[in-house]
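What follows is a short report on a single structure.
Values in this text are rule-based calculations from the coordinates and carry no lab data. Just so we're clear, the structure is a prediction, and the values are computed from it rather than from any experiment. All Cβ positions, even for glycine, are placed from backbone atoms using ideal geometry, and neighbour counts span all protein chains on display.
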Amino acid sequence: MEETEARELLWKLKLHAIQDRFVYSHSYEVGDLAIFDTLSTMHSAVPIEKANANDARTKRLLWRISVRGLPLIYKNPGKVSKTNASN
């Protein structure tokens, strides 16, 4: 595939993926917990106030958990059954 054709395809795919029906935006409140799969998520940050650990309105706690290896679905695409999908 030529570079121009590849760029056009990538642009079409991006425009498809960022349709409103595929976008989730969260307005955080105290006590919220957000969990997402970074392997399958496109991120787009919006400006927020600078975090200040001494200010209850802006302080944040972020935990990042990384799991070693790929999920079974990526190891055997199309071969995940109900019995091994929950492992």
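Scalar couplings 3J(HN,Hα) for the stretch 9-21, obtained by applying the Karplus form with A = 6.51, B = -1.76, C = 1.60 to θ = phi - 60°, are 5, 4, 5, 4, 5, 5, 4, 5, 5, 9, 4, 3, 5 Hz; x denotes Gly and Pro. If you plug the beta carbon distance of GLU3 and ASP37 into 1/(1 + (r/R0)^6) with R0 = 41 Å, you get a FRET efficiency near 0.85.
The largest-to-smallest principal axis extents of the Cα set in the stretch 8-72 are 47, 30, 18 Å.
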